[in-house]
Amino acid sequence: MNDILPEVSGTWQYLDSVVREIVQSYGYSEIRLPLLEYTELFQRSIGEVTDIVEKEMYTFQDRNGESLTLRPEATASVVRAGMTNGLLYNQRQKLWTSGPMFRYEKPQKGRYRQFHQFDVEALGYEGPDVDAELIIMSARLWRQLGISRIELQINSLGMPESRLRYREVLIEYFNGVKNKLDEDSIRRLEQNPLRILDSKNPDMQAIVEAAPVMLDHLDEASNEHFEGLKALLAAADVEFTINPRLVRGLDYYSRTVFEWVTDALGSQGAVCSGGRYDGLVEKLGGRPTPAVGWAMGIERFVDLFAACGGEAPAQNADVYVVAVGQGTQERAFALAEELRDAVDGMQVAMNLGGGSFKSQMKRADKSNALYALILGERELSEGRIGIKPLRSNEEQESVALDDLAATLKERLN
């Protein structure tokens, strides 16, 4: 678990604001969720025969003996919140949430045991149009931020009935090469052979590549849905690659699955992943409800933005207030509040801790502020203040205190 230090938190804030603005422009509303859920929620939703449930969840008993888990992902919590708060009954919801998730993984660059996700979900929508909207929305994000080293991969897992038939085909295939399977794959063979396709073991890749393909076993409705999605993406000029081995690491997916992957982050290639989970609400005790969503790892998102040459706008102060002499600090503090009231969003840094004029000007320069506001005893007695540009060749000028806000507003604009 790592700290996010001030020198990078500005980038986090900037990217967070861009994502929020984009998803809200598509009509998605924020929902805020607890970090803790009953363990059963994730066992039932994610699937007990998954790496997340078997190896990665932070699970413990509370004082009442209840088994609780720090959330490893957000979709199950969104569905649980929708069910318990009556948001899904005869309604459709477009929701987003963000925050920390927890998985006991081997730490490496871009992957931590406490990590952060931005999560977008649409519940109650059945057609491929909403799948397309979610993907197009994410494509807009990359475009707006100038992120080019990223590729969309899509696949369809079909409906449970066709997946059951595909499961039998997979079992037959993997039984034929059982002597080459690793321990995890042998254990999953009878329980959930699709999980073998998600194996990260390099020694298993040739076997996985030769396995039968789900797209060859799709039911008619799923095939029609997938064709509709491809047509909508093509119409929106969103390029994609069909990856028949893309299954995702969670059991609740059906039909559409997709990943945005990059070659800019080494082995951590997936940045934004998602898909359709039409059976999850019913599996958790609700009415059958179609649903689809995606989640983006913010750590990887930040790294990818930097790898593509992105820089967040500077968050330096607009002005730095220098106060030297008797009575000037009191007036400077009042003046700083007046400026914050008068000019929306103005960042005013106060010199704190006193010091000579020379030392205060050094601090002003180090703050990267655009202007130093200089208030000495003479300026105070005359009702004026000095405005010294710190990042340009403009001349220093003296203005009346009553005109300061208007003057700064004009200059900063």
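The values are calculated or read from the model by the stated rules, or taken from the named source; none is laboratory data. Everything numeric here is computed off the predicted structure, so don't read it as measured data. Please note: Cβ atoms are built from the backbone with ideal geometry, for glycine as well, and neighbour counts cover all protein chains shown.
One residue is enough: does the stretch 308-315 have a residue meeting the conditions out of contact with any helix residue (DSSP H, G or I) (no Cβ under 9 Å at 6 or more places or on another chain), among the acidic types (D, E) and over 30 Å from S156 (Cα atoms)?
Here is the first cut: in the stretch 308-315, the residues out of contact with any helix residue (DSSP H, G or I) (no Cβ under 9 Å at 6 or more places or on another chain) are 309.
Next cut, among the acidic types (D, E) only: none.
Checking the stretch 308-315: not a single residue is out of contact with any helix residue (DSSP H, G or I) (no Cβ under 9 Å at 6 or more places or on another chain), among the acidic types (D, E) and over 30 Å from S156 (Cα atoms).
If K55 satisfies all but one of (1) touching a Phe, Trp or Tyr at 6+ places or on another chain (Cβ under 9 Å); (2) more than 28 Å from A139 (Cβ to Cβ); (3) surrounded by 17 or more Cβ atoms within 10 Å (Cβ to Cβ); (4) charged (D, E, K, R), what's the number of the condition it fails? With respect to (1) touching a Phe, Trp or Tyr at 6+ places or on another chain (Cβ under 9 Å); (2) more than 28 Å from A139 (Cβ to Cβ); (3) surrounded by 17 or more Cβ atoms within 10 Å (Cβ to Cβ); (4) charged (D, E, K, R), K55 is out only on (3). Close Cβ contacts (under 8 Å, 6 or more residues apart or on different chains) running from residues in the stretch 22-38 that are among the aliphatic types (A, V, I, L, M) to residues that are buried (at least 18 other Cβ atoms within 10 Å of the Cβ) and in a loop (DSSP other than H, G, I, E, B) comprise L33/R71; L33/A74; L35/R71; L36/R71.
Restricting the search to the stretch 142-173, which residues are on the phi > 0 side of the Ramachandran plot and surrounded by fewer than 12 Cβ atoms within 10 Å (Cβ to Cβ)? Break it down into steps so the answer makes sense when it comes.
Let us first name the residues in the stretch 142-173 that are on the phi > 0 side of the Ramachandran plot, namely 146, 158.
Within the stretch 142-173, just G146 meets the criteria.
Please enumerate the residues belonging to the stretch 232-270 that are closer than 27 Å to V302 by Cβ, among the hydroxyl-bearing types (S, T, Y) and at pLDDT below 85. Those that are closer than 27 Å to V302 by Cβ, among the hydroxyl-bearing types (S, T, Y) and at pLDDT below 85: Y253, S267. Restricting the search to the stretch 74-109, which residues are of a type outside the set (A, V, I, L, M, F, W, C) and either in contact with a helix residue (DSSP H, G or I) (Cβ under 7 Å, 6 or more places away or on another chain) or in a strand (DSSP E or B) (or both)? Correct list: R80, Q93, K94, T97, S98, G99, P100, R103, Y104, E105, Q108.
Looking at the stretch 110-157 only, could you name the residues that are outside any helix (DSSP H, G or I) and of a type in the set (A, V, I, L, M, F, W, C)?
First pass over the stretch 110-157, keeping only residues outside any helix (DSSP H, G or I): 110-127, 146-157.
If the condition is that a residue be outside any helix (DSSP H, G or I) and of a type in the set (A, V, I, L, M, F, W, C), then F115, F118, V120, A122, L123, I147, I150, L152, I154, L157 are the ones that fit.
Of the strands (runs of 3 or more DSSP E) lying entirely inside the stretch 284-353, the ones with 1 or more residues being in contact with a Cys (Cβ under 9 Å, 6 or more places away or on another chain) and at pLDDT below 95 are found at 291-297.
Restricting L181, L145, L157 to those that are modelled with pLDDT of 85 or more and under 30 Å from Y14 (Cα atoms) reduces the list to L145.
Of all residues in the stretch 216-241, those that are part of a helix (DSSP H, G or I), touching a Gly at 6+ places or on another chain (Cβ under 6 Å) and of a type in the set (D, E) total 0.
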